[in-house]
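Take a look at the structure set out below.
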Amino acid sequence: MTIDVARARQDTPGCERVLHFNNAGMALPPRPVLEAQIAHLRREAETGGYEAAAEAHEALEHTYDALARLLGCRRDEIALVENATRAWDLAFYALPFRPGDRILTARAAYASNFIAFLQVARRTGATVEVVPSDEHGQVSVEALRELLDERVRLVALTHVPTNGGLVNPAAEVGRVTRAAGIPFLLDACQSAGQLPLDVETIGCDMLSATGRKYLRGPRGTGFLYVRRAWLERLEPPMLDLHAATWVSRDRYEIRPDARRFETWEGNVAGKIALGVAVDYALHWGLEAIRDRVQRLAERLRHRLAELPGITVRDLGRTRCGLVTFTSSLMEADEIHRHLRARGINVSVTTPASTRLDAEARNLPPMVRASVHYYNTENEIERFCDVLAGLSGVT
Ligand SMILES: *Cc1c(COP(=O)(O)O)cnc(C)c1O
């Protein structure tokens, strides 16, 4: 199946107004997502928030089914939370670490995750080690295998880094961790919605992602998958009356499903609209989305490489929709500003967001132009024309 781009753009109000290459920041939501959110907010105002939630019970529950379909898991393995960072934290901070325990990660590690590693290492005496990369810049599965021993308590991998098109070989890592019986936590924040994700194929035990990026859902939404076999072994770092029940004066029982990682209160409109966004992605198909996104991104890299002063910085044997580049003629911030003034959205990725990689490659701040399936070849041409014109601007 191929994507009907005209239809996808008609469904996307933002396409008329901006050239949006900031899909790795937040993608433009399609109309059904926007409308689901607004409709629920309206019902809350008209009939009361609790009453509106009761009315929307099925729509809200549907979000768990939609995510289960997206990930190839069960609905009771999904928790809905406020963003990918908290989803990841809830799983990570639930793992018990002792002095000498080893946490293995890779160069693409996201800053928030690495900060959490450092905090937990300081508190518990565990160590954090970075698995070397291979000649493509992705995590070396061979090196990972060699580093394993009985003290490794966690392998935590970022599937697609925030600073480039690299796609780490998550399923190969999963084969190694599964054989060794070591829990595998996958940060799928940039891959959810742009690549097919199946937790059985990947072999991860926990997976976190956000709603607003490639899934095109609302801000302030995220989700955590925890494999059934791990659920009861992972005690959430914090509990409330939704995650647990106060069954007698001095006793509580934690619920058995993944909702033990949720809180009672949440963004109901956002959760409903997240389900709509997942349905919308599934309707196009994740293979079709991946293929188009990869094709557009390769074209963009190719056109960028022809421009004076521009260096494309993406690593990886398999690459995706995030395209990063620098210019010898202009700082990334300045490019960002000039593009914004012309209705073109990109973002700037700084060394502090992915320090391991930035230091290994001596990277300055880079422009990140991230494409989605609703972007077009024409937009790529326009983008490169504007960029070429900027070299004359000071
Ligand atoms: C954006 C991002 C996150 C954080 O997601 P939030 O929803 O902002 O918490 C985590 N990991 C990666 C790789 C990201 O790109």
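What to note about this one:
- Lone qualifier among LEU71, LEU95 - being under 14 Å from the mean Cα position of the chain (by Cα), more than 16 Å from the ligand (Cβ to nearest atom) and in the same structural domain as ARG260 (by TED's automatic domain parsing): LEU71
- Selection count where residues are part of a loop (DSSP other than H, G, I, E, B) and of a type in the set (A, V, I, L, M, F, W, C), scope the range 162-205: 6
- One residue stands out in the range 19-28 among those that are in contact with a His (Cβ under 7 Å, 6 or more places away or on another chain) and within 16 Å of the ligand (Cβ to nearest atom): the one that is farthest from GLY222 (Cα to Cα), namely ASN23.
- Any hit, the range 29-40, residues being within 16 Å of the ligand (Cβ to nearest atom), in a loop (DSSP other than H, G, I, E, B), within 22 Å of the chain's Cα centre (by Cα) and modelled with pLDDT of 95 or more: yes
- The lone criterion from (1) assigned to a helix (DSSP H, G or I); (2) in the same structural domain as SER370 (by TED's automatic domain parsing) left unmet by ALA273 is number (2).
- Some residue of the range 174-187 being surrounded by 24 or more Cβ atoms within 10 Å (Cβ to Cβ), within 21 Å of GLY321 (Cβ to Cβ) and within 16 Å of the ligand (Cβ to nearest atom): yes
- Residues of the range 203-221 classified as within 8 Å of the ligand (Cβ to nearest atom) and of a type in the set (Lys, Arg), total: 2
- Just so you know, in the range 349-370 the residues that are surrounded by fewer than 20 Cβ atoms within 10 Å (Cβ to Cβ) and touching a Lys or Arg at 6+ places or on another chain (Cβ under 9 Å) include one that is nearest to ALA109 (Cα to Cα), and it is LEU356.
- Screening the range 300-394 for strands (runs of 3 or more DSSP E) wholly inside it with 1 or more residues that are farther than 20 Å from ALA27 by Cα returns the ranges 310-312, 322-327.
The values are calculated or read from the model by the stated rules, or taken from the named source; none is laboratory data. What you see is a predicted model, and the numbers here were worked out from it, not measured in a lab. Positions of Cβ are backbone-derived with ideal geometry, glycine not excepted, and every protein chain shown enters the neighbour counts.
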